[in-house]
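The values are calculated or read from the model by the stated rules, or taken from the named source; none is laboratory data. Fair warning: this is a prediction, and the values are worked out from it, not measured in the lab. Please note: Cβ atoms are built from the backbone with ideal geometry, for glycine as well, and neighbour counts cover all protein chains shown.
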Amino acid sequence: MPIYEWRCDGHGHVFEVLTSSGAANRQRQCPSCGANSKRVISTFAIHSGATIPTSSERAAAADVDVTKLNLPSFARPCAMDDYSATRLAAHKIGRGAEFEDKMAVREQVRAARGEPAPKPIAVKPGHSHKSHAKRPPQQS
């Protein structure tokens, strides 16, 4: 059975339903608000390595505050501060401009209140960089 997508007329919620093709043309009620919904054409792909987010994943990502994103530790370069990691995470999901705009507004509000600029936090690497140094060739 295929997965079909609907968008509610009331608030624009997008939801998916696994249903038979015969039942796909029936009208659905939005599970969030109960409004009538229309079926929309959904994206599909033959999986060949890259993942394509579903409408549910896209909707969930849109609800996340872009200034609160976290970058996984394995993807975070040594000594990267939290601000830079959040900024990188926002740009990686295509919401970098939104992050920049929100941070600029916060800076304007801070300046209008006469508050001092925050001091940068010194970040210490979590491991020694000696392990990255070239080792001399071993003698036999």
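If we scan segment 80-93, do we find a residue that is surrounded by 11 or more Cβ atoms within 10 Å (Cβ to Cβ), modelled with pLDDT of 85 or more, in contact with a Ser or Thr (Cβ under 9 Å, 6 or more places away or on another chain) and in a loop (DSSP other than H, G, I, E, B)?
Checked segment 80-93: no residue is surrounded by 11 or more Cβ atoms within 10 Å (Cβ to Cβ), modelled with pLDDT of 85 or more, in contact with a Ser or Thr (Cβ under 9 Å, 6 or more places away or on another chain) and in a loop (DSSP other than H, G, I, E, B).
What number goes with the only condition from (1) over 14 Å from GLU5 (Cβ atoms); (2) over 21 Å from the mean Cα position of the chain (by Cα); (3) hydrophobic (A, V, I, L, M, F, W, C); (4) at pLDDT below 80 that ALA50 does not pass?
Condition not satisfied by ALA50: (2).
Which of the residues that make up segment 61-79 are over 30 Å from HIS13 (Cβ atoms) and surrounded by 14 or more Cβ atoms within 10 Å (Cβ to Cβ)? It would help to see each step written out before you state the result.
Of the residues in segment 61-79, the ones over 30 Å from HIS13 (Cβ atoms) are 73-79.
The answer is ARG76, and nothing else.
I need a count of the residues in segment 13-31 that are surrounded by 13 or more Cβ atoms within 10 Å (Cβ to Cβ) and outside any strand (DSSP E or B).
Counting residues in segment 13-31 that are surrounded by 13 or more Cβ atoms within 10 Å (Cβ to Cβ) and outside any strand (DSSP E or B) gives 4.
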